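Below: the structure, in structure tokens.
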Amino acid sequence: MSEVIQQLLAAGPVVTDGAWGTQLQLRGLAPGVCPDAWNLALPDRVEQVARAYVEAGSQVILTNTFRANRITLAGHGLADQAAAINRAGVEISRRATAGRARVFASIGPSGKILVLGETSEEELAEAYSEQAQALAEAGADALLLETMSDLAEARLALAAARRTGLPVVASMVFDSGRNKDRTMMGVTPEQAAAELSAAGADVIGANCGSGVAGYVDICRRLRAATDRPVWIKANAGLPELVDGATVYRMTPEEFAAYVPALLEAGAAFIGGCCGTGPDFIRALARKISAARS
């Protein structure tokens with residue numbers, strides 16, 4: 001296990017952060033605008049999000065780089081700014097922590113489907129190598145591959161991330177199938193844990209998905225299939241569409257009530273994904289602090 005991961009886990013379960021996209025929207029991000037571009041255009045607003053999570057109790061915060069691979073950025077005409085956007089994302093989060101939290105840099109999926117020929121393995125490998133290298137050079141403490149649904153793509157991203165020498169968290173999204181326990185590509189928690197562990201991930205995880213309640217069992221299955229620490233960042237329940245807007249009804253206290261079950265299921269890192277914010281992290285931090293004592 002890497003030194004960074006060991007240090008974090010030494011005191012017990014680790015509190016991570018919550019959603020970023022919705023927090024940026026609260027600060028004026030308009031629909032259709034590339035969130036990652038704000039790292040260069042409006043860094044102060046991005047830093048507000050990062051700092052809010054640190055102040056809420058996050059021991060690990062992410063970076064505003066989820067879609068900052070050149071394949072996705074090309075859709076916004078920003079492919080040539082990929083390295084700069086990623087470096088700025090890390091620098092912003094590092095400033096916000098002021099040494100109070102670790103920065104795990106976010107690497108998301110390309111949005112293209114390999115099996116349909118929308119991209120190639122070579123294209124993905126190059127894009128992820130560029131992104132991972134920029135994040136590492138900017139001073140990230142670790143790299144997080146998140147919301148992955150295709151194991152082939154996840155393995156390519158993992159290989160690129162490992163070449164930086166940084167610890168790597170590999171997290172899949174389970175939201176499909178009859179029991180909502182498979183990825184969009186049909187991958188089970190057991191398959192993901194086994195393959196990503198064998199490929200060298202330091203931490204295995206699940207994020208996003210159909211809600212925190214269902215991720216308790218996902219966590220238990222991941223824990224049973226790997227000897228690596230387990231990372232869980234679930235959504236705040238299922239969203240509803242109200243007047244054209246996506247709304248999550250779950251409260252921070254209701255979300256945090258799942259902490260004991262997640263810890264019992266083997267979670268080592270706990271945070272939130274869609275529908276969560278700083279108030280959710282405060283509630284999680286209180287529950288996790290109580291569990292440590």
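The values are calculated or read from the model by the stated rules, or taken from the named source; none is laboratory data. The structure displayed is predicted, hence computed values, not measured ones. For neighbour counting, all protein chains shown are included, and Cβ atoms are generated from backbone atoms with ideal geometry for every residue, glycine included. With ligands, DNA and RNA removed, areas are computed over all heavy atoms of the protein, side chains included. Shrake-Rupley method; radii C 1.70, N 1.55, O 1.52, S 1.80 Å.
Please list the radius of gyration and Dmax for the chain, considering alpha-carbon atoms only, with Å as the unit.
When restricted to Cα atoms, the chain yields Rg and Dmax of 17.3, 52 Å.
Nearest-5 percent of antiparallel DSSP beta bridges in the chain?
15
As an exercise, use a Förster radius of 51 Å and the Cβ-Cβ distance of Ala41 and Ala261 to find the FRET efficiency, rounded to the nearest 0.05. It would help to have the intermediate numbers written out before the result.
Numbers: r = 41 Å, r/R0 = 0.80.
For R0 = 51 Å, the calculated efficiency reads 0.80.
Could you tell me whether segment 213-293 comes out rounded, prolate or oblate from its Cα gyration tensor? Rule is a ≥ b ≥ c as square roots of the eigenvalues, rounded for a/c under 1.5, then prolate if a/b exceeds b/c, otherwise oblate.
Since a/c reaches 1.5 but b/c is at least a/b, the shape of segment 213-293 is classed as oblate.
Could you pull out which residues in segment 245-262 have an amide N less than 15 Å from a spot 7 Å beyond the Cα of Asp217, following the Cα-Cβ vector?
Under cut-off, by backbone N: 262.
Per residue, how much accessible surface does segment 142-211 expose to a 1.4 Å probe? Answer in Å², no decimals.
Each residue of segment 142-211 exposes 33 Å² on average to a 1.4 Å probe.
Mind giving me the nanometre distance, one decimal, between the label points for Asn179 and Gln25, set 7 Å out from Cα along Cα→Cβ?
Output for this residue pair reads 3.1 nm.
How big is the dipole moment of the chain about its Cα centre under a simple scheme where the beta carbon of each Lys and Arg is +1, that of each Asp and Glu is -1, and everything else is neutral? Debye, nearest 20, please.
720
Given a 1.4 angstrom probe, I'd like the percentage of the accessible area of the chain that is carbon and sulfur, rounded to a whole number.
Details: 5890 of 11840 Å².
Carbon plus sulfur share of accessible area: 50 percent.
What is the extension gain from Arg95 to Leu116, computed as 0.36 nm multiplied by their sequence separation minus the C-alpha to C-alpha distance, in nm to one decimal?
My answer for the length gained is 3.5 nm.
Quick check: pseudo-label points 7 Å beyond the Cα along Cα→Cβ at Glu254 and Leu238, how many nm apart are they?
Distance between label points: 1.3 nm.
Once the principal axes of the Cα atoms of segment 1-73 are found, what is the range along each, listed largest first in whole angstroms?
For segment 1-73, the Cα spread along each principal axis is 41, 28, 17 Å.
Rounded to the nearest 500 deg cm²/dmol, what is the calculated helix-only ellipticity per residue at 222 nm for the chain, with -39500 (n - 2.57) per DSSP H run of length n ≥ 4?
Computed ellipticity for the chain at 222 nm equals -13000 deg cm²/dmol.
I need two numbers for segment 1-154: Rg to one decimal and Dmax as a whole number, Cα atoms only, in Å.
When restricted to Cα atoms, segment 1-154 yields Rg and Dmax of 15.3, 46 Å.
Stretch Met1-Val33 to full length: gain in nm at 0.36 nm per residue minus the Cα-Cα span?
Stretched fully, the Met1-Val33 segment lengthens by 7.7 nm.
Tell me the accessible surface of Ser110 in square angstrom (1.4 angstrom probe, heavy atoms of protein chains only), to the nearest ten.
10
Using +1 at the Cβ of each Lys and Arg and -1 at the Cβ of each Asp and Glu in segment 74-188, identify which of Thr97, Phe174, Ala134 lies farthest towards the dipole's positive end.
Towards the positive end, the residue furthest out is Thr97.
Let me check I've understood the local charge: for Ala225, count other residues with C-beta under 12 angstrom from its C-beta, Lys and Arg +1, Asp and Glu -1. What total comes out? The partial results should precede the final answer.
Values: positive: Arg220, Arg221, Arg223, Arg228; negative: Glu190, Glu195, Asp227.
Its environment carries a net charge of +1.
Between Glu190 and Ala290, take the C-beta separation as r, use R0 = 30 Å, and let me know the FRET efficiency to the nearest 0.05.
Computed FRET efficiency for Glu190 and Ala290: 0.45.
If you take every DSSP beta bridge whose two residues both sit in segment 108-212, what share of them, in percent to the nearest 5, is antiparallel?
Given both bridge residues lie in segment 108-212, the antiparallel proportion sits at roughly 10 percent.
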